[in-house]
Amino acid sequence: MAESSAKPATQAAGAPRPRRLWEIAQLPVLAFLTAFVVGGVIIILADLDVLTQFQATLSSLGLLGVVLLALAVAVVAISIVVNRNTSRILSRVVRAPTPLQDRLAGIASIVVGVVVAIALLRAAGFAQALDAAWAAVRTAYGSLLEGALGNPADIVAALQSGDGQQLNRALYPVFDSLVTSTPYIFAGLAVALGFRCGLFNIGAEGQLFVGAITAAYVGYSLQGVPAIIHIPLALGAGALGGALWGFLPGILKAKVGAHEVINTIMMNYIAFRLSEWLLNGPMKRPGSVPVSPTIEPSAELPRFFADPNRFHLGFFVALGVAALVYWFLFRSTWGFEIRTVGANPGAAKYAGMSITRNFVLAMCISGALAGLAGANEVLGVNHNLALAFSSGYGFDSIALALLGKSHPLGVVLSALLFGTLRSGGARMQNVARIPVDIISVVQALVIAFIAAPAIIRAIYRIREARGAEVVFTRGWGR
């Protein structure tokens, strides 16, 4: 009888309740949605047509319009006050309101307030200005989604037609987003692994450059080699080049305590100048601008579709590497030591773990992962090395690793998000005439809301989980 009534170990008194998947995902999802709402406000404020409409309406506003405008502002203010006091108000209606009921009531108060305020503004004469604002946001985000994921109507028509070329064109945006996400996966894993060891590898961009240099050299210098040998050699050369560029800051950090942030920043500029010298000298294609020779076809990562679709094998290699990094960090002895050193170097040293070895190992693996990002771009996309070929993947990966909480799965999801936003941003700029910098603003807002979860909890009235949150976020960004 005692055995049947005993609580499981995980449900013992004082033990934190295991968090469900939706509890873990709700903060990032709400941060993402909130960032897009704030981004929509910025798009409205940056649209000259919308501002002109609002200005014209304000200049011709009568007494009734002023009264309605004041009422709209008052309704929004009241909805915010009600949102902050839903627990007290709801307790008078429901005897014991649940946290979900409290949250839904708070959200409903804001939604109702905004709807009533919009109705009052339209009655005051702001209808054209509001329609223009909605059109600006809809056009901007519609073109962003279409540029990142394609036009659903075109995809359905291509599927119904059975024409391979038409389907290839319709699915081009989806696969191009995956192509853009691939270097983000490699570089994000590089920075995340450094975070796990308590190291801030800000040199992923330089390691990416060196990996691209070594991969390009092996790609065009070896001739007559079958692809099954040439591709692994070129990828391995890229990883080795990045590992070497990570080894130097790692050994300096371990031996003399030189800060890795300063050293990796310096190594970045050395890599940039090294690539310029090589592309203007030993690696320059004869009779051309500073660009390397084209790599051999046997070194190219296979593409799955005809031009212009660039989707290639590198995406699946990146997913495989992410799975390998997960196994290394959470299933191997070395990975356990790296995480222990990152969480508490003093305790790790007391337990007999080598701080020096783990610092050097973490920086080498981190550099190798960043080097694979550069090799992927050379072997899978560009097929040569040019000046300033990177689009800042190494620097963006720092924010990406933070957003993914230094977990391989989180890094992959964050990389897909960043790749999708970057791929769709170009169409948003061309179609909606919205600066592509808005995408960077949205990314920054997502990261800010993730880094400061108290903001999202305050907006959506989410209670902080006791114990579980500490376990989930421990060990990143140290």
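What follows is calculated from the coordinates using simple rules that are stated; it is not laboratory data. Please read all numbers here as calculations on a predicted model, not as lab measurements. No Cβ is skipped: glycine too gets one built from the backbone with ideal geometry, and neighbour counts run over all protein chains shown.
Quick notes on this structure:
- As a proxy for reagent exposure, ranking 57, 356, 182 by other Cβ atoms within 10 Å from fewest up yields 356, 57, 182.
- With the largest listed first and rounded to whole Å, the semi-axes of the equivalent ellipsoid of the range 203-280 from the Cα gyration tensor are 27, 14, 7.
- Relative contact order, percent, the chain [alpha-carbon distance under 8 Å, six or more residues apart]: 26
- All C-alpha pair distances within the range 117-182, sorted into 5 Å bins from zero, spread as 4, 16, 16, 15, 12, 9, 8, 8, 8, 4, 1 percent across the bins.
- Charge dipole magnitude, Cβ of K and R +1, D and E -1 - the chain, Cα centre, debye nearest 20: 1720
- Answer label for semi-axes √(5λ) of the Cα gyration tensor in Å (calculated), chosen among [x] 34, 27, 25; [y] 44, 34, 21; [z] 47, 26, 17: [y]
- Database remark: amide H of residue 385 closer than 5 angstrom to the amide H of 292 (H placed geometrically; neighbours at sequence offset of 5 or more, or on other chains; Pro and chain starts carry no H).
- Relative to the longest principal axis of the Cα atoms of the chain, the long axis of helix 172-196 makes an angle of roughly 80 degrees.
- Whole-Hz ³J(HN,Hα) from phi, Karplus 6.51 cos²θ - 1.76 cosθ + 1.60, for the range 352-360, glycine and proline x: x, 7, 7, 5, 4, 4, 6, 4, 5
- Within a straight-line Cα-Cα reach of under 13 Å, residue 284 can be paired with the following aspartates and glutamates, leaving aside sequence neighbours fewer than 8 residues apart in one chain: 276.
- Relative contact order for the range 167-416, counting Cα pairs under 8 Å that sit 6 or more residues apart, in percent: 41
- Residue order, fewest to most beta carbons within 10 Å, for 266, 428: 266, 428
- Listed residues 173, 345, 359: farthest to the positive end of the dipole of the range 167-416 (Cβ charges): 345
- GluC sites (Glu not before Pro) restricted to the range 252-340 and DSSP loop, no more than 14 other C-beta within 10 Å: none
- Largest-first principal axis extents of the Cα set of the range 167-416 (Å): 57, 42, 31
- Between helix 333-343 and the chain: long-axis angle, C-alpha atoms, 0 to 90°, nearest 10: 50
- Ranked list, fewest to most other Cβ atoms within 10 Å of each Cβ, for 353, 283, 363, 267: 353, 283, 267, 363
- Using alpha-carbon coordinates, inclination of helix 437-451 to the longest axis of the chain, degrees: 80
- Most positive-pole-ward Cα, 213, 83, 162, against dipole of the chain from beta carbon charges: 83
- Label-to-label distance, nm, for residues given as residue 221 and residue 258 (7 Å Cα→Cβ offset): 2.6
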